[in-house]
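Below you'll find the structure, written out as structure tokens, and then a few comments.
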Amino acid sequence: MKVLVTGSAGFIGSYVSRALIARGDNVIGFDNFQEYYSKEAKEWNNKLTNDSIGTSHGTYSFIEGDIRDRDTIFDIFAKHKPKMVIHLAAMAGVPASLKNPKLYVEVNIDGTTNLLDAAVAGSARGFIFASSSSVYGNRTDIPFKEIGNVDYPISPYAATKRMGEILLWTYNHLHRIPVTGLRFFGVYGPLQRPYGMVVQRFIKQLDHDEPFTIYGDGSMVRDYTYIDDIVDGVLLAVDKNYNFEIFNLGNSYPVTVLDVAKDVEEAMGKKAEIKFVDQPVTEVEITFADLTKSKEMLGYNPKWNIKKGIAEQVRIYQQMPQWYKDLPW
Ligand SMILES: NC(=O)c1ccc[n+]([C@@H]2O[C@H](COP(=O)([O-])OP(=O)(O)OC[C@H]3O[C@@H](n4cnc5c(N)ncnc54)[C@H](O)[C@@H]3O)[C@@H](O)[C@H]2O)c1
């Protein structure tokens, strides 16, 4: 099947693209190499995807462009006629959304609207949207269920992701395009988006003999999900292609940031100094996915516990070339 993957040079997008190619899909990748974090890291992701073609059944063609550019998006549908859209491109950092909310609105809401309009005009058969656990806001009714109230996001980023979900509902209602929103919970793994993402940041800090920077007192709790489990969930959603659904894709095993710090130290065989810094107001206290619905309806079943995932991330990091480890993240 011909699939348009937006954000294909990013962390999750590059893994999803490679998994689709490996099973024989024809992927059109789209990304603008946004400089929120190092362009070189994204070019590397894209190279890995290109290199994977030789051993796979599927194909990969990459288009550099911006989802805010409506004409370009419509052109892609006119020329390539993708049947499925996996929309992962976004301004993805939570604290940074406080500094530049307008950019988040333009990319995450206007850009998503462009893609939905083009998908409808191009008669795409399905649309998968990367939402986020952040839509749940700061709450005490754990674990988080998809039917819970999500009217109180506490960052501009979370608000734009919630708006994306609302747009999915509206476009499905008006145009009958099948849409699925996937709420990812703290995705980590090799080649992880580094800026602000705790596992990769700790690995890099320890490798460079710098102290771990930990928000607040480190008791903040997060449900971290290994990239391979997220990729499985995305592909299951593509194959089910429900009419309209929202699913949690998490691990349902929350841990504190201090636990993560210990696991990184253990995997790297080294101790770190810890520097506690103020917790940004955009951070929620806990994320915790209820997976009942995604297990029942998607057959999603995460296989990676955090210790094993971090050990694998450290193993791959240690094999990376020095220039990658020294990127100014
Ligand atoms: N990583 C996580 O823990 C996590 C959690 C919840 C939701 N998500 C969502 O999953 C998706 C992928 O996240 P990721 O971690 O891979 O982030 P990422 O930043 O690595 O990937 C996003 C990609 O989108 C591209 N992009 C940004 N603006 C663009 C634009 N205007 N036009 C075209 N491309 C653009 C970037 O260049 C980047 O390659 C995002 O939508 C993010 O909000 C991620």
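Each value in this text was obtained by applying a stated rule to the coordinates, not by laboratory testing. It should be emphasised that the depicted structure is a prediction, and the values quoted were computed from it without experimental measurement. No Cβ is skipped: glycine too gets one built from the backbone with ideal geometry, and neighbour counts run over all protein chains shown.
Here, P(r) means the percent of Cα pairs in each 10 Å bin from 0 to the largest distance; for segment 144-284 it is 10, 34, 32, 17, 6, 1.
Distant-in-sequence amide contacts of Ile86, defined by a placed amide H-H separation under 5 Å and a gap of 5 or more residues or a different chain, comprise Leu4, Val5, Thr6, Ile128. Nearest 10 degrees, 0 to 90: what angle lies between the long axis of helix 227-240 and the longest principal axis of the chain (Cα atoms)? The two axes meet at around 20 degrees.
By its C-alpha gyration tensor, with a ≥ b ≥ c as the square roots of the eigenvalues, how is segment 92-163 shaped: rounded for a/c under 1.5, else prolate for a/b larger than b/c, else oblate?
oblate
Think of the chain as having a plus end and a minus end, set by charges on the Cβ of Lys, Arg, Asp and Glu; of Trp323, Gln192, Ile203, Gln192 sits farthest toward the positive end of this dipole. Nearest 10 degrees, 0 to 90: what angle lies between the long axis of helix 306-319 and the longest principal axis of the chain (Cα atoms)? Between the helix axis and the principal axis of the chain, the angle is about 90 degrees. Charge dipole (Cα centre; +1 on Lys/Arg Cβ, -1 on Asp/Glu Cβ; no other charges) of segment 201-329 amounts to roughly 280 debye. Quotient of the Cα radius of gyration of the chain and 2.2 N^0.38 Å, N being its number of residues: 0.94. Projected onto planes of every orientation and averaged, the convex hull of the alpha-carbon atoms in segment 215-264 covers 4.5 nm².
A Förster radius of 22 Å combined with the Cβ-Cβ distance from His80 to Met320 puts the calculated FRET efficiency at roughly 0.10.
Subtracting the Cα-Cα distance of Arg139 and Ile166 from their residue separation scaled by 0.36 nm leaves 7.7 nm.
Once the Cα atoms are used to define both axes, helix 111-121 deviates from the longest principal axis of the chain by about 30 degrees.
What the Cβ-Cβ distance of Asn305 and Glu35 gives, at R0 = 22 Å and to the nearest 0.05, is a FRET efficiency of 0.05. Here is how the number arises for the chain: DSSP H runs of 4 or more residues each give -39500 (n - 2.57), the sum is divided by the residue count, and the result at 222 nm is -12000 deg cm²/dmol. For segment 25-143, the square roots of the Cα gyration tensor eigenvalues, ordered a ≥ b ≥ c, give a/c of at least 1.5 with a/b greater than b/c, which places it in the prolate category. Scan the chain and hand back the longest stretch that contains none of the GluC sites (Glu not before Pro) lying in DSSP loops with at most 11 other Cβ atoms within 10 Å. The longest such stretch corresponds to 36-272.
Placing a pseudo-label 7 Å from each Cα along the Cα-to-Cβ vector at Lys99 and Leu48 gives an inter-label distance of 2.6 nm. You can think of it this way: the chain between Asn243 and Asp71 has 59.2 nm of extra reach, that is 0.36 nm per residue less the Cα-Cα gap. Each part reduced to its alpha carbon centroid, segment 163-191 and segment 218-274 end up 19 Å apart. The dipole here belongs to the chain: it is taken about the Cα centre, uses +1 on the Cβ of Lys and Arg and -1 on the Cβ of Asp and Glu, and is about 640 debye. For segment 235-329, the direction-averaged projected area of the alpha-carbon convex hull comes to 9.1 nm².
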